[in-house]
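So the structure is just underneath, and the comments pick up after that.
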Amino acid sequence: MFSGIVADVGIIKRAEDREGGLRLSVATEALGMDDVKLGDSIAVNGVCLTVVKLEGNTFTVDVSRETLNCTVGLDKQGGHVNLEKALRLSDRLGGHLVTGHVDGVGEVVAFNDIGESWRLVVRAPHALAKYIAVKGSITINGVSLTVNRVAGSEFEVNLIPHTLEVTTLNELKAGAKVNLEIDLIARYVERMMAAEQD
């Protein structure tokens, strides 16, 4: 589990083809690798991946073809990625509960400066729209954010300058694709409601 609070922006140093998937080597300066060991989980742009190799401040993960087919931002050598280590039970939950299992890919509709913050509008896949609620949480490229407005499949969040400084969201523009993970609670509420109707 993760919180959606990005600890560092890393860079994909290598992206090697591996039997249809990819092996990524990701360099980080501020993530803090002293307590990371083989088999640990790290969220890379919101995708939970398993560490298979460690070398200084660089870690290596394998990404399956299935994961590549339903996410964005993991296949570009030299690309910047949001990083977060898995939570410990004693950690503060600064964002919200995030699994690192991307639900779908959204498209940026608008991204503009509105003075004290930036307004980001994203179009979610139609199937995910019902899970997105005003004042609810959503994860965009691994960043926990609060939804301010919803209109059909489009939703809006505000990004404060700090968020733009410490994540890759400052690289977004209209037309960009983003990884989305809906609020875990919304998923369970739907399942409970469906079970009651059976």
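The values are calculated or read from the model by the stated rules, or taken from the named source; none is laboratory data. Everything quoted here is computed from the prediction, not taken from an experiment. Cβ atoms come from the backbone with ideal geometry, glycine included; neighbour counts cover every protein chain shown.
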Of all residues in the range 83-116 being within 24 Å of PHE155 (Cα to Cα) and polar (S, T, N, Q), the one that is surrounded by the fewest Cβ atoms within 10 Å (Cβ to Cβ): ASN112
How many residues of the range 163-190 are more than 19 Å from LEU128 (Cα to Cα) and within 17 Å of the chain's Cα centre (by Cα)? The answer is 11
Those residues that are within 20 Å of GLY104 (Cα to Cα), acidic (Asp, Glu) and either at pLDDT 95 or above or buried (at least 16 other Cβ atoms within 10 Å of the Cβ) (or both), I need them from the range 155-195; list them, please. GLU156, GLU171, GLU181, ASP183
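Which is outside any helix (DSSP H, G or I), in contact with a Leu (Cβ under 7 Å, 6 or more places away or on another chain) and within 25 Å of THR67 (Cβ to Cβ), of LEU180, LEU169? Working first, answer last.
On the way: LEU169 fails: outside any helix (DSSP H, G or I).
Step by step, each of LEU180, LEU169 is checked, and only LEU180 is outside any helix (DSSP H, G or I), in contact with a Leu (Cβ under 7 Å, 6 or more places away or on another chain) and within 25 Å of THR67 (Cβ to Cβ).
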Residues satisfying the stated conditions in the range 134-154, i.e. surrounded by fewer than 16 Cβ atoms within 10 Å (Cβ to Cβ) and within 18 Å of the chain's Cα centre (by Cα): THR146
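Just to be sure before I move on: is ALA129 assigned by TED's automatic domain parsing to the domain that holds ALA110, in contact with a strand residue (DSSP E or B) (Cβ under 7 Å, 6 or more places away or on another chain) and surrounded by fewer than 20 Cβ atoms within 10 Å (Cβ to Cβ) in the structure I sent? Spell out how you get there, then give the answer.
Numbers: assigned by TED's automatic domain parsing to the domain that holds ALA110: yes; in contact with a strand residue (DSSP E or B) (Cβ under 7 Å, 6 or more places away or on another chain): no; surrounded by fewer than 20 Cβ atoms within 10 Å (Cβ to Cβ): yes.
Against the criterion (assigned by TED's automatic domain parsing to the domain that holds ALA110, in contact with a strand residue (DSSP E or B) (Cβ under 7 Å, 6 or more places away or on another chain) and surrounded by fewer than 20 Cβ atoms within 10 Å (Cβ to Cβ)), ALA129 does not qualify.
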